[in-house]
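Data first, discussion second: the structure below is written as structure tokens.
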Amino acid sequence: MLQRKRPSAQARPRRYATAVGLTIPANLRPSGGRGFSTVVHDFSIGGFSGTAAEPLREGTLCWLYVPGIEPLACEVIWWRDNAVGCAFHDLLDFGTYETIVAGCRIPARL
């Protein structure tokens with residue numbers, strides 16, 4: 001089975017289409033470190049941003065744990081002001097993306 005690999009940092013576009021209005025409770029574990037709770041707010045097939053009180057270095061390999069799916073390998077792209085941005089090692093397949101988004105959308109306020 002051929003997997004679509006993520007382009008290098010220099011070659012990839014700055015952003016992929018994102019799902020808005022999300023709150024995804026998850027855990028993020030840096031490779032070789034202790035995991036911590038995070039809340040993902042910006043999520044796409046290419047990566048995410050979420051909360052991270054402790055600084056994470058650019059290039060750090062991490063694992064994102066979202067309930068109901070296998071852990072997702074990712075790499076820290078940036079950290080600032082208690083927030084982290086990570087790129088998935090492999091783009092998510094659409095079915096996995098839809099499963100996560102469907103279970104985590106914030107209801108619209110009237």
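Nothing in this text is a laboratory measurement; each read-out follows from the coordinates by a stated rule. None of the values given here were measured: they were computed from a predicted structure. When we count neighbours, we look across all protein chains shown, and the Cβ atoms used for this are built from the backbone with ideal geometry, even at glycine.
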> Using modelled amide H (1.01 Å from N, peptide plane; none on Pro or chain starts), what sits under 5 Å from the amide H of residue 91, excluding residues fewer than 5 places away?
Replying inline: 6
> Put +1 on the Cβ of each Lys and Arg and -1 on the Cβ of each Asp and Glu in segment 33-110; which of 99, 79, 44 then has its Cα farthest toward the positive end of the dipole?
Replying inline: 79
